[in-house]
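Below: one structure, written as structure tokens.
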Amino acid sequence: MIHRKSREDIKRMRHAGHIVALVHQEMKKVVEPGISTKELDDIAFRVIKANRAIPTFLGYHGYPASICTSINEQVVHGIPSEKDILKEGDIIAIDIGATYGGFVGDSAWSYAVGKISPEKERLMKTTEEALFAGIKQMRAGNVLDDISSAIEAVANREKLGIVRQYGGHGVGRNMHEDPFLFNYKTGDNTLIKSGYVIAIEPMLNLGGDDVEVMSDEWTVCTKDKQPSAHFEHTVLATEDEPVLMTTLME
Ligand code: MF3
Ligand code: CO
């Protein structure tokens, strides 16, 4: 069942999303060669708590941190560690969730560590472009496949791999709600209604589509060890333009 959010729900989600955006703002400042992903996690935890919110990921199915930090060939769900120290040329996807007033904001962004290769640059630019192409389709009267197709078209144009085992999802009181949203065309003609909120999150690879879960049972990597990028926003559908929940509020 897909929940339609009330005005009051949306206010709270907007606040949760603002807090997630505040954390991203901090991440952007501190991502540089030499910092460990554990330090990033500590900063995220502190910003979330300082804003009277709850780190949504912490303890979720036993997940041990407040954010996911996925470096280079890691696709999603990388676990922060003091052993993982960023170095020049890395790309890192940071996924952040915050719960405020009982509602969740969920957003991921990929960051360059210092100077990166043109191929990694293209991967990141294209994945961000795919996210916004998907977001554009998030409006009442469209179907889920409009979002998926738009994402796939951008990925195909740049001949990037599309991660198939993971995708977007409804979000609200719970981080993962109906519907599931594929990042490629499936023919899903589920109608989008105003008040639906979906986390749209393309994960694209420089190499092939295939991914595998590592022995820590969380970290997902590309099978061919080529880099992967991930961009995600929590988005509200209305009769009019889509509304981003996970940006800074003025
Ligand atoms: N934002 C991620 C997603 O949409 C959730 C992280 S999984 C967790 O799937 F277990 F770390 F919380
Ligand atoms: Co998500």
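The values are calculated or read from the model by the stated rules, or taken from the named source; none is laboratory data. The shown structure was predicted, so the numbers you read here are calculated from the model rather than taken from an experiment. Counting neighbours? That spans all protein chains shown, and the Cβs are built from the backbone with ideal geometry, glycine included.
Points worth noting:
Here's the yes/no breakdown for (1) in contact with a strand residue (DSSP E or B) (Cβ under 7 Å, 6 or more places away or on another chain); (2) away from ligand 1 (no atom under 16 Å from the Cβ); (3) of a type in the set (Gly, Ala, Ser):
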| position | (1), (2), (3) |
| --- | --- |
| VAL154 | no, yes, no |
| ILE198 | yes, no, no |
| VAL213 | yes, no, no |
| THR234 | yes, no, no |
| ALA237 | no, yes, yes |
| LEU248 | no, yes, no |
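- Test: residue in the range 44-62 that is under 30 Å from GLU158 (Cα atoms), buried (at least 24 other Cβ atoms within 10 Å of the Cβ), of a type outside the set (Lys, Arg) and away from ligand 2 (no atom under 14 Å from the Cβ): no
- Condition check for GLU152: in contact with a Phe, Trp or Tyr (Cβ under 8 Å, 6 or more places away or on another chain), in contact (Cβ under 8 Å) with a residue 12 or more places away in the chain, over 23 Å from ASN72 (Cβ atoms) and not β-branched (Val, Ile, Thr): yes
- Total residues in the range 113-148, condition touching a helix residue (DSSP H, G or I) at 6+ places or on another chain (Cβ under 7 Å) and either within 15 Å of ILE71 (Cβ to Cβ) or among the aliphatic types (A, V, I, L, M) (or both): 4
- Considering (1) among the basic types (Lys, Arg); (2) under 23 Å from GLY89 (Cβ atoms); (3) more than 17 Å from the chain's Cα centre (by Cα), the lone condition that ARG46 does not fulfil carries the number (2).
- Candidates are the residues of the range 194-246 that are polar (S, T, N, Q) and assigned to a loop (DSSP other than H, G, I, E, B); the one that is surrounded by the fewest Cβ atoms within 10 Å (Cβ to Cβ) is SER215.
- Of the criteria (1) within 30 Å of ALA140 (Cα to Cα); (2) in contact with a Pro (Cβ under 8 Å, 6 or more places away or on another chain); (3) among the polar types (S, T, N, Q), which one SER6 fails: (2)
- Some residue of the range 5-13 being within 17 Å of HIS233 (Cβ to Cβ), touching a residue at least 60 places away in the same chain (Cβ under 8 Å) and buried (at least 23 other Cβ atoms within 10 Å of the Cβ): yes
- The numbered conditions (1) part of a helix (DSSP H, G or I); (2) touching a helix residue (DSSP H, G or I) at 6+ places or on another chain (Cβ under 7 Å); (3) within 13 Å of ligand 1 (Cβ to nearest atom) are all true for LEU22 except (3).
- Evaluated against (1) hydroxyl-bearing (Ser, Thr, Tyr); (2) away from ligand 2 (no atom under 14 Å from the Cβ); (3) closer than 21 Å to ILE200 by Cα, SER81 falls short on exactly one condition, (3).
- Of the residues in the range 207-222, none is in contact with a helix residue (DSSP H, G or I) (Cβ under 8 Å, 6 or more places away or on another chain), more than 11 Å from ligand 2 (Cβ to nearest atom) and at pLDDT 95 or above.
- Matching option when the condition is on the phi > 0 side of the Ramachandran plot and more than 16 Å from ligand 1 (Cβ to nearest atom), among LYS193, LYS225, LYS185: LYS225
- Scan of the range 184-193 for residues that are part of a loop (DSSP other than H, G, I, E, B) and not small (Gly, Ala, Ser), ordered by number: TYR184, LYS185, THR186, ASP188, ASN189, THR190, ILE192, LYS193
- Residue match in the range 163-183 (condition: hydrophobic (A, V, I, L, M, F, W, C), away from ligand 2 (no atom under 14 Å from the Cβ), out of contact with any Pro (no Cβ under 6 Å at 6 or more places or on another chain) and not in a strand (DSSP E or B)): no
- Sole residue being of a type in the set (A, V, I, L, M, F, W, C), over 20 Å from ASN174 (Cα atoms) and loosely packed, with under 15 Cβ neighbours inside 10 Å, chosen from VAL30, VAL75: VAL30
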